[in-house]
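Working notes, beginning with the structure itself.
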Amino acid sequence: MSVGLDTTGFIMCIISWLVNGAALSNDYWKISSVSGNVITSQRVFENLWHSCAENAAGLSECKDFQTLLNLPVHVQACRALMIICLLLGFGSMITSLFGLSCIKVGSADDQTKGKLAGAGGIMSILAGLCCLTACSWYAYRVVQDFYSPVSLGMKFELGTGLFLGWAGAVLAILGGAFLCCAFGKASSKAKKGGFYGQAPQKIYTAKSEAETARAYV
């Protein structure tokens, strides 16, 4: 099992989990656009949990979304996907930690560690896909509303939280791919090895003098 692959994948999974958590808590998922002929004295920005307004003096006031069922469908879905992403990422870190070749846990061999690393890699890839879907869906709705001729209200642009989410998703997918490659190498080595344990020993028995005499006749 390759030490470099599984260690690199594990570190990338940790970084992606932290970045995805920062993306979820970031206030700037969409920001009011400053383009156009209308000049406003305040800036409005939103995320999945609240909406904020910042005046010219730099003072901001936020208001949490009071109801869940009255929210747009894409906001509810993005919330669920981001929470699932963090749960899968946490499970991936715990599972792949016990699958690292540099950590000895009980009597686990390389093949068992490879399976743990592979399971952690699959969870990390799923976490990255969840985050990628949430950020892309939210960004699609922001862009759609921006260019919609029907929407005559305030226009919004993509915020920092979305770019953090995309970066965390890419890291999670790459880290999971590295862990799965480490599992593949461990499996191929196990097949080439044939079997584990000591080789069978030959047993020598003493021959009687009559059998030895017959052999020389």
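Any residue at all in the stretch 75-85 that is in contact with a strand residue (DSSP E or B) (Cβ under 6 Å, 6 or more places away or on another chain), at pLDDT 85 or above and crowded, with 17+ Cβ neighbours inside 10 Å?
So far as the stretch 75-85 goes, no, none of its residues is in contact with a strand residue (DSSP E or B) (Cβ under 6 Å, 6 or more places away or on another chain), at pLDDT 85 or above and crowded, with 17+ Cβ neighbours inside 10 Å.
Tallying residues that are part of a loop (DSSP other than H, G, I, E, B), surrounded by 17 or more Cβ atoms within 10 Å (Cβ to Cβ) and of a type in the set (A, V, I, L, M, F, W, C) within the stretch 1-34 yields 2.
Going by the structure shown, is Leu132 surrounded by 19 or more Cβ atoms within 10 Å (Cβ to Cβ) and not in a helix (DSSP H, G or I)? Before the answer, list the steps.
Working: surrounded by 19 or more Cβ atoms within 10 Å (Cβ to Cβ): yes; not in a helix (DSSP H, G or I): no.
For Leu132, the condition - surrounded by 19 or more Cβ atoms within 10 Å (Cβ to Cβ) and not in a helix (DSSP H, G or I) - is not met.
For the subset of the stretch 48-68 comprising residues that are within 21 Å of Arg141 (Cα to Cα) and aliphatic (A, V, I, L, M), which member is surrounded by the fewest Cβ atoms within 10 Å (Cβ to Cβ)? My answer is Leu68. Can you name the residue in the stretch 141-162 that is of a type in the set (Phe, Trp, Tyr) and in contact (Cβ under 8 Å) with a residue 40 or more places away in the chain and, of all such residues, is surrounded by the fewest Cβ atoms within 10 Å (Cβ to Cβ)? So, considering only residues that are of a type in the set (Phe, Trp, Tyr) and in contact (Cβ under 8 Å) with a residue 40 or more places away in the chain, the one surrounded by the fewest Cβ atoms within 10 Å (Cβ to Cβ) is Phe146.
The values are calculated or read from the model by the stated rules, or taken from the named source; none is laboratory data. None of the values given here were measured: they were computed from a predicted structure. Neighbour counts run over all protein chains shown; Cβ positions are idealised from the backbone, glycine included.
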